[in-house]
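**Q** The following block contains the structure, expressed as structure tokens.
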Amino acid sequence: MITIASPEHAQHRAPHEFLDGRLIPPYESPERAEIILAAVERAGLGPIVRPRAFGDAPLHAVHAPDFLGYLEHAYGRWVAAGGDPAAVLPSTLAVRWMDRRCLHPLVAPGYYSFDLSAPIVAGTYRAARASADIALTGAALLLEGEPLAFALCRPPGHNAGSDMYGGYCYLNNAAIAAEQLVRSGAARVAILDIDFHHGNGTQQIFYGRDDVLFVSIHADPAREYPYFGGYADERGTGAGTGFNLNLPLEAGVDDARYLAVLDQALAAIQAFGPRFLVLSAGFDTFGGDPIGDFALAAAAYPAIGRRIAALGLPTLVVQEGGYAVAALGENAASLLRGMAAEA
Ligand SMILES: [Zn+2]
């Protein structure tokens, strides 16, 4: 397998996030990517390469032009208009009945973001671009015949929709890679999202599509983020009806329960018959995660990896969440080790 990583992620370092009425240090930190990279190096899982540069076209294939323009210029315009230079964070949010687009530099963040967990700093767009290039490089490697690639993306992507950001995510790396695979001739691509949180952005991007199957195993949104979507009755729309599968789970899920639900997800993917698999891999399902309530042990990750790899599909693993920093590197390396052993 090949890992793709870039030091550019460190350009994005949020000073804080807003949670339960408190401004707190961000869970999503640059250390996460460094720890995963070190663990992958230690595990000797194959070459680690830098991303290639893909330009704007693959981003436009997934994200709206006004949204991309906003992300690129948000910080500079915010500071010039008198916003706190520490980070862009909205104070007024667009909601139902009140969603006219207002692009005042201090207000546009409330139009494009859906929460207060994704501050924008001077280097955020640069880091997000590099993160998308990492995923795109992984997609290119699959197209060149590699069976398994690990895109060590940071910032993560699965909460970002076509024209909205939040949940630590700005550009949807997994969606951008999946769309590139479709446009390169793959008739069908499956995305499996095993992050603790629902991949609301990925779901939104492909909700009307029958050529990209989205399957997500996650905490029931009735109790966990992102709350306002990710329920089992969200099955897709129009041509995409039946091509979106949400498997929300209760608190305290252990290895056996998780693996049984994973088998259900894998059966759906197998029935779909994709040419490629994109795996949105979050490790906040781990029992020690500070913002998750599942109870997976470290031993679950190689088992998850082996089962996914048993599908026999060329697979791009895209790094998403995981905030139990002390265990994060080993959990990621374990998943990859399980996949590489089976591939
Ligand atoms: Zn997550």
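**Q** Condition first: free of Cβ contacts under 8 Å to residues at least 40 places away in the same chain, out of contact with any Asp or Glu (no Cβ under 9 Å at 6 or more places or on another chain) and open to solvent by 20 Å² or more (accessible area, probe 1.4 Å). Can you find one or more residues in the stretch 137-144 that meet it? Spell out the reasoning first.
**A** Our first condition is that a residue be free of Cβ contacts under 8 Å to residues at least 40 places away in the same chain; within the stretch 137-144, this holds for 144.
From what's left, out of contact with any Asp or Glu (no Cβ under 9 Å at 6 or more places or on another chain): 144.
The next check asks that each one be open to solvent by 20 Å² or more (accessible area, probe 1.4 Å); those that pass are 144.
Yes - at least one qualifying residue is present in the stretch 137-144.
**Q** Suppose we filter Arg188, Arg209, Arg235 for residues that are in contact with a Gly (Cβ under 9 Å, 6 or more places away or on another chain) and free of Cβ contacts under 8 Å to residues at least 24 places away in the same chain; which single one remains? Quick ask: steps written out before the conclusion?
**A** On the way: Arg188 fails: free of Cβ contacts under 8 Å to residues at least 24 places away in the same chain; Arg209 fails: free of Cβ contacts under 8 Å to residues at least 24 places away in the same chain.
None of the others qualify; the one that does is Arg235.
**Q** Please work out if Ala327 is open to solvent by 10 Å² or more (accessible area, probe 1.4 Å) and touching a residue at least 24 places away in the same chain (Cβ under 8 Å). Steps first, please.
**A** Values: open to solvent by 10 Å² or more (accessible area, probe 1.4 Å): yes; touching a residue at least 24 places away in the same chain (Cβ under 8 Å): yes.
Criteria met by Ala327.
**Q** Moving on. Considering only residues of the stretch 145-171 that are aromatic (Phe, Trp, Tyr) and open to solvent by less than 10 Å² (accessible area, probe 1.4 Å), which is farthest from the ligand (Cβ to nearest atom)? Please lay out each step first, then the result.
**A** Start the filter on the stretch 145-171 by keeping residues that are aromatic (Phe, Trp, Tyr), which leaves 150, 165, 168, 170.
Then drop every residue that is not open to solvent by less than 10 Å² (accessible area, probe 1.4 Å), which leaves 150, 165, 170.
Values: Phe150: 18, Tyr165: 15, Tyr170: 15 Å.
Among those that are aromatic (Phe, Trp, Tyr) and open to solvent by less than 10 Å² (accessible area, probe 1.4 Å), it is Phe150.
**Q** Can you pull out every residue in the stretch 78-89 that is surrounded by fewer than 19 Cβ atoms within 10 Å (Cβ to Cβ) and more than 15 Å from Tyr125 (Cβ to Cβ)? Step through it out loud before you land on a result.
**A** Start the filter on the stretch 78-89 by keeping residues that are surrounded by fewer than 19 Cβ atoms within 10 Å (Cβ to Cβ), which leaves 79-82, 84-86.
Of everything in the stretch 78-89, those that are surrounded by fewer than 19 Cβ atoms within 10 Å (Cβ to Cβ) and more than 15 Å from Tyr125 (Cβ to Cβ) turn out to be Ala80, Ala81, Gly82, Asp84, Pro85, Ala86.
**Q** For the stretch 172-192, what are the residues that are more than 16 Å from the ligand (Cβ to nearest atom) and either of a type in the set (Phe, Trp, Tyr) or part of a loop (DSSP other than H, G, I, E, B) (or both)? Walk me through how you get there before you give the answer.
**A** As a first pass, look at the stretch 172-192 and keep what is more than 16 Å from the ligand (Cβ to nearest atom): 176-190.
Within the stretch 172-192, Ser184, Gly185, Ala186, Ala187, Arg188 meet the criteria.
**Q** Same structure, new question: Pick out, from the stretch 4-120, the helices (runs of 4 or more DSSP H) lying fully within it that include 3 or more residues that are out of contact with any helix residue (DSSP H, G or I) (no Cβ under 9 Å at 6 or more places or on another chain). It would help to see each step written out before you state the result.
**A** Details: elements: 30-43, 57-60, 65-80, 108-112.
So the answer is 65-80.
**Q** Would you mind telling me which numbered condition in (1) open to solvent by 30 Å² or more (accessible area, probe 1.4 Å); (2) touching a residue at least 60 places away in the same chain (Cβ under 8 Å) Tyr75 fails?
**A** The number of the failed condition is (2).
**Q** Hey, among Ile205, Ile120, Ile217, which residue is within 19 Å of Arg32 (Cα to Cα) and aliphatic (A, V, I, L, M)? Even if it seems obvious, please write down each step before you answer.
**A** Values: Ile205 fails: within 19 Å of Arg32 (Cα to Cα); Ile217 fails: within 19 Å of Arg32 (Cα to Cα).
After applying the criteria, what remains is Ile120.
**Q** Could you check Ile205 against (1) out of contact with any helix residue (DSSP H, G or I) (no Cβ under 7 Å at 6 or more places or on another chain); (2) part of a helix (DSSP H, G or I) and say which number it fails?
**A** Failed condition: (1).
**Q** Let me ask another. Could you list all residues from the stretch 145-175 that are more than 15 Å from Glu320 (Cα to Cα) and touching a helix residue (DSSP H, G or I) at 6+ places or on another chain (Cβ under 8 Å)? Talk me through it step by step, then tell me what you get.
**A** Our first condition is that a residue be more than 15 Å from Glu320 (Cα to Cα); within the stretch 145-175, this holds for 145-148, 162-164.
Within the stretch 145-175, Leu148, Ser162, Asp163, Met164 qualify.
**Q** Ok, one more. Can you tell me which residue among Ala5, Ala39, Ala64, Ala80 is more than 16 Å from Tyr170 (Cβ to Cβ), in contact with an Asp or Glu (Cβ under 6 Å, 6 or more places away or on another chain) and aliphatic (A, V, I, L, M)?
**A** Values: Ala5 fails: in contact with an Asp or Glu (Cβ under 6 Å, 6 or more places away or on another chain); Ala64 fails: more than 16 Å from Tyr170 (Cβ to Cβ); Ala80 fails: in contact with an Asp or Glu (Cβ under 6 Å, 6 or more places away or on another chain).
Of Ala5, Ala39, Ala64, Ala80, the one residue that is more than 16 Å from Tyr170 (Cβ to Cβ), in contact with an Asp or Glu (Cβ under 6 Å, 6 or more places away or on another chain) and aliphatic (A, V, I, L, M) is Ala39.
**Q** Among the residues that make up the stretch 306-319, is at least one of them of a type in the set (Lys, Arg) and within 18 Å of Ile217 (Cα to Cα)?
**A** Step one: filter the stretch 306-319 for residues of a type in the set (Lys, Arg), giving 306-307.
Add one more test, that the residue is within 18 Å of Ile217 (Cα to Cα), and what stays is 306-307.
Yes, because at least one residue in the stretch 306-319 is of a type in the set (Lys, Arg) and within 18 Å of Ile217 (Cα to Cα).
**Q** Can we say Leu316 is buried (at least 20 other Cβ atoms within 10 Å of the Cβ) and touching a strand residue (DSSP E or B) at 6+ places or on another chain (Cβ under 6 Å)? Full working, then the answer.
**A** Values: buried (at least 20 other Cβ atoms within 10 Å of the Cβ): yes; touching a strand residue (DSSP E or B) at 6+ places or on another chain (Cβ under 6 Å): yes.
For Leu316, the condition - buried (at least 20 other Cβ atoms within 10 Å of the Cβ) and touching a strand residue (DSSP E or B) at 6+ places or on another chain (Cβ under 6 Å) - is met.
**Q** Where the second residue is open to solvent by 20 Å² or more (accessible area, probe 1.4 Å) and at pLDDT below 95 and the first is farther than 19 Å from Ala256 by Cβ and lies in the stretch 275-293, which pairs have Cβ atoms under 7 Å and are six or more apart or on separate chains?
**A** Arg275/Ala187
**Q** Something else now. Condition (residue is over 19 Å from Ile269 (Cα atoms), open to solvent by less than 60 Å² (accessible area, probe 1.4 Å), touching a helix residue (DSSP H, G or I) at 6+ places or on another chain (Cβ under 9 Å) and β-branched (Val, Ile, Thr)) applied to the stretch 176-193: is it met by at least one residue?
**A** Checked the stretch 176-193: at least one residue is over 19 Å from Ile269 (Cα atoms), open to solvent by less than 60 Å² (accessible area, probe 1.4 Å), touching a helix residue (DSSP H, G or I) at 6+ places or on another chain (Cβ under 9 Å) and β-branched (Val, Ile, Thr).
**Q** Just checking, which of Leu37, Leu45, Leu23 is open to solvent by less than 30 Å² (accessible area, probe 1.4 Å) and either aliphatic (A, V, I, L, M) or free of Cβ contacts under 8 Å to residues at least 12 places away in the same chain (or both)? Break it down into steps so the answer makes sense when it comes.
**A** Numbers: Leu37 fails: open to solvent by less than 30 Å² (accessible area, probe 1.4 Å); Leu23 fails: open to solvent by less than 30 Å² (accessible area, probe 1.4 Å).
Being open to solvent by less than 30 Å² (accessible area, probe 1.4 Å) and either aliphatic (A, V, I, L, M) or free of Cβ contacts under 8 Å to residues at least 12 places away in the same chain (or both) holds for just one of Leu37, Leu45, Leu23, which is Leu45.
The values are calculated or read from the model by the stated rules, or taken from the named source; none is laboratory data. No experiment lies behind these values; they were computed from the predicted model shown. Because the Cβ atoms are built from the backbone with ideal geometry, glycine has one as well, and the counts that use them run over all protein chains shown. Just so you know, the surface numbers come from the protein's heavy atoms only, side chains and all, with ligands and any DNA or RNA stripped out. Shrake-Rupley method; radii C 1.70, N 1.55, O 1.52, S 1.80 Å.
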